[in-house]
Amino acid sequence: MATGEMTGAEIVLKALADQGIEHVFGYPGGAVLPIYDEIFQQEKVKHILVRHEQGATHAAEGYARSTGKCGVVLVTSGPGATNAVTGLTDALMDSIPMVCLTGQVPTHLIGSDAFQECDTVGITRPCTKHNYLVKDVNDLARILHEAFYVATHGRPGPVVVDIPKDVQFATGKYVGPKNIEHKTYRPKVKPDQEAIRRAVELIATAKRPILYTGGGVINSGLTASKLLREFVAMTNIPITSTLMGLGAYPASGKNWLGMLGMHGMYEANMAMHDCDVMICVGARFDDRITGRLNAFSPGSKKIHIDIDPSSINKTVRVDIPVVGDVAHALDDMIRVWKAKSLALDKKALEAWWKEIDGWRARDCLRYRKNADVIMPQYAIERLYALTRGKDVYITTEVGQHQMWAAQFFRFDEPNRWMTSGGLGTMGYGLPAAVGVQQAHPKSLVIDIAGDASVLMTMQEMSTAVQYRLPIKIFIINNQYMGMVRQWQQLLHGNRLSESYTDSLPDFVKLAEAYGCVGIRAEKPAELDGKIKEMMATPHPVLFDCRVAALANCFPMIPSGKAHNEMLMGEDVPDAEVGSAIDAKGKMLV
Amino acid sequence: MNAHLASTGSAYFLETSKPAVETHTLSVIVDNEPGVLARVIGLFSGRGYNIDSLTVSETQHEKHVSRITIVTTGTPAVITQIIHQLDRMVPVHSVADLTVNGNALTRELAMVKVAGSGEKRVEALRLADAFRARVIDAGTQSFVFEITGKPDKVDQFISLMVPLGLVEVARTGVAGIARGAEGMRV
Ligand SMILES: Cc1ncc(C[n+]2csc(CCOP(=O)(O)OP(=O)(O)O)c2C)c(N)n1
């Protein structure tokens with residue numbers, strides 16, 4: 001070995017260490033053995049052995065979302081890489097910074113259908129922000145540092161680096177992260193000042209303004225959340241957020257309208273519909289947010305702040321696009337607002353708030369309590385109440401429980417809420433909780449789960465036990481794929497095709513089989529005590545919360561309807577669930 | 001706003017009425033790394049955009065830079081999306097809409113094989129002359145013409161050759177460049 005040269009595997013570990021990476025979630029195999037050999041011989045980077053590569057990707061996502069750092073995944077070639085695809089797609093949809101290292105068969109075997117060969121860069125091209133196949137060990141260090149740069153700059157996303165086994169063994173030069181500047185990728189961070197000026201002036205003319213914020217605020221960092229709060233305090237504008245943006249503005253803040261969208265709050269959706277100036281900050285007019293596009297906030301002028309120019313005018317045409325980082329844009333807006341000593345029309349704003357208070361009075365989350373069965377909403381309400389004052393992180397699976405969690409658990413800080421928004425991946429929450437707990441060993445990390453979802457990645461309980469990660473899996477157990485059943489009731493004549501899970505495991509015994517703790521609650525009266533027991537348990541817990549089997553999640557904007565056509569729980573007695581949505585709406589996803 | 005969707009009643013962007021589509025020629029400067037063409041093509045197929053023509057070649061060897069020319073059809077909103085989607089790809093240096101930036105130059109080369117004899121053969125040669133197509137292969141029964149020009153000129157020449165014994169055509173696809181002193185950012 002020439003002086004200063006290292007093997008490819010050594011370069012990988014050195015690059016990770018130089019990037020400040022402390023944790024890698026992975027699973028070994030033939031094509032990454034040289035890297036695992038290096039992992040064995042060093043102490044800087046800790047490897048967390050998952051039980052399935054999908055688990056590694058979601059753990060890395062949870063880690064990234066809860067810290068603002070980049071998540072790192074290491075998997076082998078072939079099945080290791082294909083198992084990672086769901087998590088990569090999830091991270092792409094939700095803009096989560098992640099670097100995923102995949103092993104590959106040796107260079108000279110590529111294309112020969114070698115054992116455990118797959119075209120990893122081909123398969124992952126559409127589900128990553130960028131990907132690389134490293135063919136020369138002398139490119140390896142540069143590519144790794146570039147990968148971290150690309151994953152974390154601009155709109156964050158997953159990056160795959162595919163490393164053939166011979167490249168891991170070969171020796172070559174290492175370069176540090178300092179010397180890396182990307183040739184072509186330089187996202188625009190500082191917004192155009194003319195656009196800022198126009199945006200601020202438009203806001204100042206508003207009589208019924210609303211802030212519609214999203215995951216971009218969280219991704220932009222703590223400063224962005226701070227500036228958002230400052231801007232709201234300064235202007236007294238009502239604020240709502242997407243599923244991904246919860247916590248950027250505190251749910252306890254007086255301007256908070258709650259989440260918007262398909263299962264959002266009545267007041268938030270009504271205010272979106274009737275506003276005259278909409279300020280979209282780091283959100284992307286997803287179809288779960290807009291409802292019927294041609295009826296989406298018909299009377300408003302729209303400002304859209306986004307770091308990704310392709311998000312602008314994609315589905316909804318806006319009047320003032322502001323391309324740049326949220327924190328920079330808010331900082332500029334606050335500065336210009338102050339410099340011009342602007343203020344909103346006080347009378348008009350008061351009238352607007354009055355109208356909003358009227359909508360709030362509908363109390364859209366109201367549900368019928370029951371003394372004999374635990375209502376799922378009640379379970380989450382109690383979980384929320386009993387965890388006050390604790391340092392809590394929440395992850396979720398996908399389904400009704402996810403929406404109830406978003407409605408009933410209230411977040412006052414960013415980075416506390418990890419959920420699969422864009423892709424809607426069942427099985428996300430449990431491994432994500434593993435990642436969050438690894439990043440915050442002392443905190444209370446709870447996965448609000450559904451009984452169907454949680455079985456998709458259940459094996460990661462074994463990971464939690466191995467690394468002493470005391471995650472709490474709070475299963476809202478209705479024995480149904482509740483969200484599927486709800487749609488079948490609303491849209492398919494109550495024919496509950498394959499949405500009931502027969503033969504669910506006994507979750508308490510399952511917990512014991514994994515070597516963790518199982519707790520079951522069946523009656524409302526025992527719920528508080530059992531939740532406290534869960535919180536006091538210093539081990540991973542599977543909590544089987546038996547809830548009403550047929551509860552539905554409201555309010556809801558049925559597909560094909562507008563923001564002001566929400567279905568409320570009280571409007572839809574169980575007998576009429578089947579006729580609540582018209583024929584046209586039934587066609588839509 | 002979005003009123004053109006009024007009839008669909010859809011949560012999605014399901015357009016029943018088709019707003020007018022336009023054809024645009026885009027130039028894309030990319031780093032000539034492996035897979036970059038697959039990335040561009042994948043973007044078009046994955047997002048349902050049209051490719052009418054696509055050409056690519058390395059244009060600066062030392063800098064590893066290639067230039068891709070894409071002719072695409074879509075509504076103005078879709079064309080704008082395409083440009084943004086291309087521009088945010090990591091190996092893309094810059095994107096230019098040649099159609100918007102004034103009457104850019106577009107050229108295409110075609111090789112056109114025609115077989116026949118007698119009057120038809122004479123007529124083919126005469127037309128080739130009028131279109132400034134060159135004969136690059138000649139036999140007693142056939143010619144291969146090389147023609148360069150705007151795509152519609154090439155189209156026209158080919159259609160004229162059909163009754164005269166057209167056998168086959170090979171076309172390069174469109175290359176485009178803007179007029180004037182300015183070049184694209186690399
Ligand atoms: C991997 C995956 N497969 C299928 C779906 C479709 N899907 C969405 S919600 C849902 C049911 C979830 O059931 P459960 O986890 O029990 O939650 P609940 O709705 O009952 O709260 C299904 C099947 C999905 N989102 N993800």
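Every read-out reported here was derived from the displayed coordinates using simple, explicitly stated rules and does not represent laboratory data. Computed from a predicted structure; not experimentally measured. Reconstructed Cβ throughout: ideal geometry from the backbone, glycine too, with neighbour counts over all protein chains shown.
Summary table below
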{"read-out": "Partner chain coverage, peptide B:84-92 - average Cβ within 10 angstrom", "value": "6"}
{"read-out": "Segment B:105-175: radius of gyration over Cα atoms, expressed as a fraction of 2.2 N^0.38 Å", "value": "1.01"}
{"read-out": "Tensor-based shape of segment A:392-445 (alpha-carbon gyration tensor, a/c under 1.5 rounded, otherwise prolate or oblate)", "value": "oblate"}
{"read-out": "Positive-end extreme of charge dipole, chain B - chosen from B:Phe157, B:Val30, B:Ile177 (charges on Cβ)", "value": "B:Phe157"}
{"read-out": "Local electrostatic count, A:Phe408, Cβ distance below 10 Å [Lys/Arg +1, Asp/Glu -1]", "value": "+1"}
{"read-out": "Total formal charge among the other residues, if their Cβ is under 13 angstrom from that of B:Pro151, Lys/Arg +1 and Asp/Glu -1", "value": "0"}
{"read-out": "Convex hull (Cα only) mean projected area of segment A:30-189, reported in nm² to one decimal", "value": "9.4 nm²"}
{"read-out": "Relative exposure of A:Thr290, A:Thr7, A:Thr102, judged by other C-beta atoms within 10 Å (fewest first)", "value": "A:Thr7, A:Thr290, A:Thr102"}
{"read-out": "Chain B: calculated mean residue ellipticity at 222 nm from DSSP helix runs of at least 4, using -39500 (n - 2.57)", "value": "-7500 deg cm²/dmol"}
{"read-out": "10 Å-binned pair-distance histogram of segment B:22-101 (Cα, whole percent)", "value": "19, 58, 21, 2"}
{"read-out": "Sorted peptide list for A:268-276, A:559-567, A:222-230, criterion being average Cβ within 10 angstrom, highest first", "value": "A:268-276, A:559-567, A:222-230"}
{"read-out": "Relative counts (whole %) of C-alpha pair distances in segment A:1-68, using bins that are 5 Å wide", "value": "4, 16, 23, 25, 18, 9, 3, 3, 0"}
{"read-out": "Non-local Lys pairs in chain B, i.e. 8 or more apart or on different chains, that have alpha carbons under 30 Å apart", "value": "7"}
{"read-out": "Principal-axis tilt of helix B:119-130 within chain B, Cα atoms, nearest 10 degrees", "value": "50 degrees"}
{"read-out": "Per-residue mean of C-beta atoms belonging to partner chains within 10 Å, peptide A:130-136", "value": "2"}
{"read-out": "Dipole magnitude of the protein assembly as shown, debye to nearest 20 (Cβ charges: Lys/Arg +1, Asp/Glu -1, about Cα centre)", "value": "1640 debye"}
{"read-out": "Whole-Å semi-axes of the ellipsoid equivalent to segment A:336-386 (Cα gyration tensor, √5λ, descending)", "value": "41, 16, 6"}
{"read-out": "10 Å Cβ neighbours from other chains, averaged over peptide B:24-33", "value": "1"}
{"read-out": "Cα-based shape type of segment A:235-361, given that a ≥ b ≥ c are square roots of the gyration tensor eigenvalues and the cut on a/c is 1.5", "value": "rounded"}
{"read-out": "Segment A:446-503, relative contact order [Cα under 8 Å, separation at least 6], %", "value": "38 percent"}
{"read-out": "Relative packing of A:119-130, A:383-394, A:242-253, A:342-353, which averages over residues the other C-beta atoms within 10 Å, highest first", "value": "A:242-253, A:119-130, A:383-394, A:342-353"}
{"read-out": "Cα-based helix-to-principal-axis angle, B:76-87 vs chain B, degrees rounded to 10", "value": "90 degrees"}
{"read-out": "Rel. contact order, % - alpha carbon contacts under 8 angstrom, at least six apart, segment A:368-470", "value": "31 percent"}
{"read-out": "DSSP-defined beta bridges in segment A:77-204 - what % are antiparallel, rounded to 5", "value": "0 percent"}
{"read-out": "Calculated over chain A: convex hull of Cα atoms, volume per residue (Å³)", "value": "154 Å³"}
{"read-out": "Under the Debye formula (equal points on every Cα, no solvent term), log10 I(q)/I(0) of chain B at q = 0.08 Å⁻¹", "value": "-0.37"}
{"read-out": "Ellipticity estimate at 222 nm from DSSP helix runs (n ≥ 4, -39,500 (n - 2.57)) divided over chain A, nearest 500", "value": "-11000 deg cm²/dmol"}
{"read-out": "Peptides A:210-217, B:73-80 ordered by average Cβ neighbours within 10 Å, highest first", "value": "A:210-217, B:73-80"}
{"read-out": "Descending semi-axes in whole angstrom, ellipsoid equivalent of segment A:1-119, from the Cα gyration tensor", "value": "22, 20, 12"}
{"read-out": "Above-threshold pairs, the threshold being 26 Å between Cα atoms, out of A:Lys69/A:Lys129; A:Lys523/A:Lys561; A:Lys14/A:Lys226; A:Lys129/A:Lys442", "value": "A:Lys523/A:Lys561; A:Lys14/A:Lys226; A:Lys129/A:Lys442"}
{"read-out": "Candidates per GluC sites (Glu not before Pro) in segment A:134-224, loop by DSSP, up to 12 other Cβ within 10 Å", "value": "A:Glu181"}
{"read-out": "In segment B:106-186, trypsin sites (Lys or Arg not before Pro) in a DSSP loop with at most 14 other beta-carbon atoms within 10 Å", "value": "B:Arg132, B:Arg179, B:Arg185"}
{"read-out": "Over chain A, relative contact order from alpha-carbon pairs under 8 Å, at least 6 apart, %", "value": "14 percent"}
